[in-house]
Structures are given as structure tokens and as C-alpha cells.
Amino acid sequence: MSGKHWAPGTQCVTKHDHTKPKARELAFHKGDVVTIVEAVEGKGWYRAKHNDTGEEGLLAASALRERVAIRADPKLSLMPWFHGKISGVQAVQELQPPEDGLFLVRESIRHPGDYVLCVSFGKEVIHYRVIYEEHMLSIDNEQRFCNLMDMIEHYMKEQGAICTKLVKPKPKTGMKSAEEELAKAGWLLNLQHLTLGDRIGQGEFGDVLQGEYMGQKVAVKNIKCDVTAQAFLAETAAMTKVRHKNLVRLLGVILHNGLYIVMEFMSKGNLVNFLRTRGRAVIQTRQLLQFALDVAQGMDYLESKKLVHRDLAARNILISEENVAKVSDFGLARVNPKGTDTTLLPVKWSAPEALKHNKFSSKSDVWSYGILLWEVFSYGRAPYPKLSLKEVTEMLEQGYRMEAPEDCPPTVYALMKSCWELEPGKRPSFKKLTEKLQKELKHLGDI
Ligand code: ADP
Ligand code: MG
């Protein structure tokens, strides 16, 4: 019997085959992913839903293991069949021995920036030039694709204008298929079970859509650009490592249309909009303190996992149906192609050492948390009103700090100021912030 307890909604992977289920039992194969519905009283059994078949039934806890985290490995590739700049002759060598449908994609040496799809067929290798026109890729000038991943996905399903359906990718030496690794670890979801609905947000890198996955409401971030999708694997890897009530939960990913990142649905949207649309008249100080505490607890957990957020701000906090605040977009700044270009950092949220020396740490997250506290207690105002980015940077150096928002409890303002200590070591930890906010909430309950 397993001593583990899995909460409803937990995704588990099956450890062996179970193909002849008794009545009310679930059938499954080794490596299938199921979603826990509920524990069955006292027996070490669970009722669960099969992620592929959608069937619901009973299974023993001993047949289950939890999903494992994905490591952010630079060898993990969404396009393991992409070999970069190699010649046609080299491509032919890579595709030996011949096998119908064995393929790779290379970058043309003669026409830099152009791609070539190389396919083994009838003992020969056929090279198809991929035409790039008006931001779209095409081989036959009819079927057009946003990116190489979509193109390959398509020709693995349909032969179309080429000699054969693509069957087997030839991975570049040393590259691992992200798709295989994600599937093995249990993080790959099934496109068939996803229904997409309205657009609920626009991210910097793609739309966020509402959806449903196996009866559960979800939010889906769609990253269309292949290079960005590859970079997002790192963020996704970070999300597979964490599980906390104050962090937006990753349900899994689907490799389609680039990359779908499927997350729990946060029905009340981001914290800035939440505060602005309701305002002082509706939201009490107690609720503001609770949001602040939620975020501090999520961040304390991230800090304990040695993860740095880098883009902590009220716009990246989402609110659930039950008014629980959760941190999202963690790890994003790291995969941001803007990277070290400090002119494009969220200046008004960034610690001085992050802006000046690109030094990010949990302590620079604490600085951003101080700004977030200010946003919360001013009901969603933009920080440093009326100051330009240049002015902010200069004035901070001279010791200037924002004033307390209207009606902000003095203890909370003192917390903000402690987060804005110039020396990172003098700023409180998220644990300390959590304790102080808990005390503050308790104090509010006592009076
Ligand atoms: P990016 O950081 O890439 O610009 P975000 O992840 O911040 O994009 O998402 C943009 C917007 O989409 C958010 O402000 C929010 O309104 C909405 N959104 C994002 N994720 C969710 C979610 N899990 N549930 C509900 N709404 C979401
Ligand atoms: Mg964001």
C-alpha cells in the first residue's frame, strides 16, 4: 500500500499495464497519464480519469506514480530533426541507411536563412526547398505554415505534395526530443481532449485562450513562433518542478500550433484589473493583506526551490474563483529573448543591482515585491506616477522612494520600505515577509 496521498486534480502516471479491468476498474497501459478524481475511503484506491480515453474508474495507488519534473536541458529540443547549417551531401550521409520517410531539416548554405526538408525515399534522398514568404513557410506554395514545427507536424499526417509521408525524424547528434521526454515524464497532454474557447488575454508572446480539458476549465497560452516556443521550454521546465497553492499550476503542454501551455484557469483575471475594476469601495484592507500574504507565500516556496522570478509585478498575479492570489509567469524573464538587454527590463519593478549589473536573485524579487505591495495598496495604480523611467533610475540612486499609498497601514508601508533597501542583504526574506503579514492579518482580526 502506498503511503502517498494524492489530491483531486493530481496527474499521475501508471506503472504497469492493466488491460483486463474488473467491473468499475480502469483499464490502462504502462506510462498512461490519469487525473485523480478522489481517494476511495481507506483502501489505497483512487477513482481517476484516463487522460487519453476520458474513461473514469478505480485503480490501486500502488499502480501509480507522480509525474516527474522536466530538467531544463539545452539538449531538449522541440525540433530535434533540425540540423542547422549542413550541406546537402552531409544531409544524405545523416539519412543512411535509407528508410522511407526518414527525414531532417537543414538550413541552406547557398541561400542562408532558407530551409531544406530532406527525405529518404526509395534509396534516394530528396531535398525540398522551403520557401519563406510573407512570414510563412511553404514547400509547394499552397500549404503554408507559421513555423517548421507546424510544417513537420502536417507532413507527418499527410503526404501532400511530397514523395512520402514523413515517418521518422533523424535527430541531430546529441539532441533529445522534447516531445518524447515530456511524454515519458507525463506532461504531454492529448490535443483531442482540449476544447478552446474565447481569448481571455494577450501575452507578449501569444494569445491566452480559455478552454476545457477533460471536464476541467483551463487557460491555454499559445506560443506560435518556434524559436520562442523552444525558449519557453525552460519556463515550462521550471513549472514542472513546483506545486503550491499560491503558484498557478501547469497541467501540461501540447505540441501543436507551436506550443500550447495548459494551466489552471484563474477566473478573476490578473490582480491589477481585479483591483482597478472594484476599487476602494468594494475591497477591504483585509483582502489586500490576504493577497499580499498569498503572493509572499508563493514566493517563499519559489525561493526555497532556488527559483528566481525576475518579473514579479501585480500584472503577473492571477486571482482564482475563490479569491486566492497566485503567482504566474515564473521563469519567464529568463527565457525572454530580450535577455540581458537592460533597457527593456520592467524598470519600475526592478532592483537597482538588477538594472545596473544584471544581478537577479531572490532579493531582487523582494524589491519587486515591495513595488507589488505598493500597487496592491493603491488599488492598481501604476508605480512612480508621473516619473519617467530615466527619472526613476536617477532618483532611486539619490535615495528617493515612493510615498505610502493613501490609507495604507503604516506597518505595511514599513514593509515596502524594507524591500527597497539599496543593499540586497538588508532586505527581508519572503519567509520574514510572510510572518509579518500573518501578524498584521491577525492583528486586524483582533480589533
Ligand atoms: P505574458 O506574460 O506572456 O505577457 P501573461 O501570462 O501575463 O502573458 O497573460 C496575459 C493575460 O492573460 C493575463 O494578464 C491574464 O489576464 C490572462 N491569463 C493568463 N494566464 C491565465 C490563467 N491561467 N487564467 C486566466 N487568465 C489568464
Ligand atoms: Mg505576464
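The values are calculated or read from the model by the stated rules, or taken from the named source; none is laboratory data. Model, not experiment: these values are computed from the prediction. Here Cβ is always computed from backbone atoms with ideal geometry, including for glycine, and neighbour counts include all displayed protein chains. We work out accessible area using only protein heavy atoms, side chains counted, and drop any ligands, DNA or RNA first. Shrake-Rupley method; radii C 1.70, N 1.55, O 1.52, S 1.80 Å.
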* **So Gly279, is it touching a residue at least 60 places away in the same chain (Cβ under 8 Å), surrounded by fewer than 20 Cβ atoms within 10 Å (Cβ to Cβ) and within 16 Å of ligand 2 (Cβ to nearest atom)** => no
* Structure fact -> When the stretch 248-264 is checked residue by residue, the ones that are within 16 Å of ligand 2 (Cβ to nearest atom) and within 15 Å of Gln210 (Cβ to Cβ) are Val248, Ile261, Met263, Glu264
* Asked: Taking Asn246 and the conditions (1) closer than 22 Å to Phe82 by Cα; (2) within 14 Å of ligand 1 (Cβ to nearest atom); (3) touching a strand residue (DSSP E or B) at 6+ places or on another chain (Cβ under 7 Å), which numbered condition does it fall short on, given that it satisfies the others?
  -> (1)
* Asked: List, please: which pairs have Cβ atoms under 6 Å, are six or more places apart or on different chains, and start with a residue in the stretch 192-214 that is within 25 Å of Ile36 (Cα to Cα) and end with one that is within 16 Å of ligand 2 (Cβ to nearest atom) and among the hydrophobic types (A, V, I, L, M, F, W, C)?
  -> Leu196/Leu209; Leu209/Val220; Gln210/Ile200; Gly211/Val220
* Would you please name the residue that is modelled with the highest pLDDT, looking only at residues in the stretch 76-116 that are exposed (fewer than 14 other Cβ atoms within 10 Å of the Cβ) and in contact with a Ser or Thr (Cβ under 6 Å, 6 or more places away or on another chain)? => Pro98
* **Complete set of residues in the stretch 311-348 that are open to solvent by 20 Å² or more (accessible area, probe 1.4 Å), at pLDDT 90 or above and near ligand 1 (Cβ under 9 Å from one of its atoms)** => Asp311, Arg315, Leu318, Lys326
* Out of curiosity, is Leu182 touching a residue at least 40 places away in the same chain (Cβ under 8 Å), under 30 Å from Val37 (Cα atoms), exposed (fewer than 15 other Cβ atoms within 10 Å of the Cβ) and more than 16 Å from ligand 1 (Cβ to nearest atom)? -> no
* **Failed item in (1) part of a strand (DSSP E or B); (2) open to solvent by less than 40 Å² (accessible area, probe 1.4 Å); (3) hydrophobic (A, V, I, L, M, F, W, C); (4) closer than 30 Å to Thr53 by Cα, with Ala229 passing the rest** => (1)
